[in-house]
1. Shape verdict for region 175-217, please, from the Cα gyration tensor: rounded (a/c under 1.5), prolate (a/b greater than b/c) or oblate.
2. Quickly rank 85-93, 178-186, 110-118, 122-130 as a protection proxy: mean count of other C-beta atoms within 10 Å, highest first.
3. Excluding His135 itself, calculate the net charge of residues whose Cβ lies under 13 Å from the Cβ of His135, where each Lys or Arg counts +1 and each Asp or Glu counts -1.
4. Taking all protein chains together and a probe of 1.4 Å, list Val101, Val164 from the most accessible to the least accessible.
5. So who's got an amide H within less than 5 Å of the one on Ala121, skipping anything under 5 residues away but keeping other chains? H placed 1.01 Å off N, in plane.
6. Tell me the carbon and sulfur percent of the accessible area for region 94-148, rounded to whole percent, probe radius 1.4 Å.
7. For Lys114, go through the lysines and keep the ones whose alpha-carbon is under 29 Å away, minus same-chain ones fewer than eight residues off.
Amino acid sequence: MGRIAIMNSNAMAPEPALPSPRKLAVACLTSLVVALVLLVTAVLPVEYGLDPLGTGRMLGLLREAPVDAAAVDIPQGDQGLTPSLRGDVALYGGLYRTDAVEFVIEPYDYLEFKYRLEQGAAMLFSWAADGTLIHEFHGDPDANPQDVRSYDKSDKSMANGSFVAPVTGIHGWFWENPGNTPITLRLASSGFYAEAVEFRSDKSRNRRDVSPAPMPASTQSPASAQSGE
């Protein structure tokens, strides 16, 4: 009899109640509303720089788009910086230059720094930062600044290399600080360029001429050279 009672008890156990269609609809609608709020307030400002409600800027999430290089007034001109090939040697009519700069990139900020190079012109570079940066080495051709050419894109804290410009334009680096502390970056370069341009996230643009490297001292005085001594 006891066994029969147990079996009857199991048979009479009520089945779990399923949520009503109304409750399912409310839950789905709530999830959709939450997803849309997150999309508009967080995803669009951070990933795409879009802020339709202004919440991204208010919360400090808005990521400014990189400066459009096409809108920058950068003087152009060969200045003897296009190489003339002589077999395996590239000769230049312009002067060789060296440059050294230091930047402090604030948290969640970025900057771009580029040199103007004629097609085929060469440059050596070395940069190092005291933290890992989002980084891209790229170029904006004069013929079509929107046709950005990416040469190296990876997170890193330093790079050393050489570069020969495939097209005439401005070529250089995009660095972004993904952390919450400032990062100091130092760049040294040398090559056949005459000017550099810096783009900041506040839309400021700073162009400057790069001075020629010091010429080697002559072994003869001008007077001795003229007299043939």
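The values are calculated or read from the model by the stated rules, or taken from the named source; none is laboratory data. On a predicted model such as this, the values are computed, not experimentally measured, just so you know. No Cβ is skipped: glycine too gets one built from the backbone with ideal geometry, and neighbour counts run over all protein chains shown. Protein only, heavy atoms only, side chains kept; ligands, DNA and RNA dropped before computing areas. Shrake-Rupley method; radii C 1.70, N 1.55, O 1.52, S 1.80 Å.
1. Cα axes put region 175-217 in the oblate bin.
2. Those peptides, ordered most packed to least, come out 110-118, 122-130, 178-186, 85-93.
3. Result for the neighbourhood of His135: -3.
4. If we order Val101, Val164 from most to least accessible, we get Val164, Val101.
5. It is Ala165, by chain and number.
6. Carbon-and-sulfur percentage of accessible area, whole number: 53.
7. Within reach: Lys153, Lys156, Lys203.
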